[in-house]
1. Which residues make up the longest stretch of the chain that has no GluC sites (Glu not before Pro) in a DSSP loop with at most 13 other Cβ atoms within 10 Å?
2. With a 1.4 Å probe and every protein chain left in place, work out the accessible area per residue of the chain in Å², rounded to a whole number.
3. With Cβ to Cβ distances under 11 Å as the rule, what net charge do the other residues near A29 carry (K, R +1; D, E -1)?
4. Carbon and sulfur atoms: what percent of the 1.4 Å accessible area of the chain do they account for?
5. Filter the DSSP H helices in the chain by two things, a Kyte-Doolittle mean of at least -0.5 and an axial alpha-carbon span of 30 angstrom or more, and list the hits by number.
6. Given K118/K219; K3/K224; K127/K219, which pairs have Cα atoms separated by over 23 Å?
7. Using only the Cα atoms of the chain, what semi-axes does the equivalent ellipsoid have when each is the square root of 5 times a gyration tensor eigenvalue? Give whole Å, largest first.
8. Leaving out same-chain residues fewer than 8 places away, which aspartates and glutamates sit with a Cα under 12 Å from that of K173?
Amino acid sequence: MTKPAYKRVLLKLSGEALMGDDAFGINRATIERMVADVAEVAKLGVELAIVIGGGNIFRGVAPGAQGMDRATADYMGMLATVMNSLALADAMRQIGITARVMSAIGIEQVVEPYVRPKALQYLEEGKVVVFAAGTGNPFFTTDTAAALRGSEIGAEIVLKATKVDGVYSADPKKEAGATLYSSITFDEAIAKHLQVMDATAFALCRDQKLPIKVFSIVKPGALKRVVMGEDEGTLVHV
Ligand SMILES: Nc1ncnc2c1ncn2[C@@H]1O[C@H](COP(=O)(O)OP(=O)(O)O)[C@@H](O)[C@H]1O
Ligand SMILES: O=c1ccn([C@@H]2O[C@H](COP(=O)(O)OP(=O)(O)O)[C@@H](O)[C@H]2O)c(=O)[nH]1
């Protein structure tokens, strides 16, 4: 049997994708499907850390937050990621995967705080670690949290599972003629202002020489293909 291409990965799951076809919140069938994909990869023996977004519940820059103090709105967004993390860990528990949620903001009665050595220990024990509350700071995104935690835990790659199947020359949801890259450098992605990830996340990964793979969260089997090193999505590299 061929072996996975990576030993330790940081998976960024889109918060917005958790809605499925609903207008808001967590769609049960969608989270179960996502977790089944995660389980498949965990069973390969890959050490898996997850950062999940919060856009399905609240986003600091969403129209619904207009008129609010930005930092306050961002803290609400971070709390939304805590809810998603709890839902994700619970869905994993239901199918027999041990997961630990660690929060970047103090909320001890609900989840344990993020402590790097503890996270590393969990990973070595084969537990899935879910990093909640993003970076713990307003004015950042969970993509940046993925870049940060990925660097901290020594992940070999950040896997960004999102609504599109890779990085395009322009936003494929707005420009029908946009073309898909199979690979692109960080500098090119930043220079072209490609919005699939924010520039802070790209810059951090570039400086740490931490590659990113962008792929579809809705395409069946895509996560496993990525982990097996097969041709899938777009590789963003130094
Ligand atoms: N050049 C591009 N290539 C791919 N997607 C892009 C690009 N520019 C903008 N996008 C948009 O970025 C979105 C993914 O980013 P984001 O909103 O951060 O998603 P997530 O919820 O996964 O964090 C895609 O749904 C796509 O519409
Ligand atoms: O380090 C962080 C991570 C997230 N957020 C807030 O949490 C929201 C939800 O995260 P994100 O938009 O990245 O989620 P996704 O795009 O994956 O749904 C963001 O809009 C921000 O308001 C933040 O302030 N700091």
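The values are calculated or read from the model by the stated rules, or taken from the named source; none is laboratory data. Since this is a predicted model, take the numbers as computed values, not measurements. Methodologically, a virtual Cβ is constructed for each residue, glycine included, from the backbone with ideal geometry; neighbour enumeration extends over all protein chains shown. Side chains are part of the model used for accessible areas, which takes the heavy atoms of the whole protein and leaves out ligands, DNA and RNA. Shrake-Rupley method; radii C 1.70, N 1.55, O 1.52, S 1.80 Å.
1. That would be 1-107.
2. Normalised by residue count, the accessible surface of the chain is 46 Å².
3. Around A29, the surrounding residues sum to -1.
4. 53
5. For the chain, where a helix must reach 30 Å along its axis and average at least -0.5, the hits are 70-94.
6. Result: K118/K219; K127/K219 exceed 23 Å.
7. For the chain, the semi-axes come out at 23, 23, 18 Å.
8. List returned: D165.
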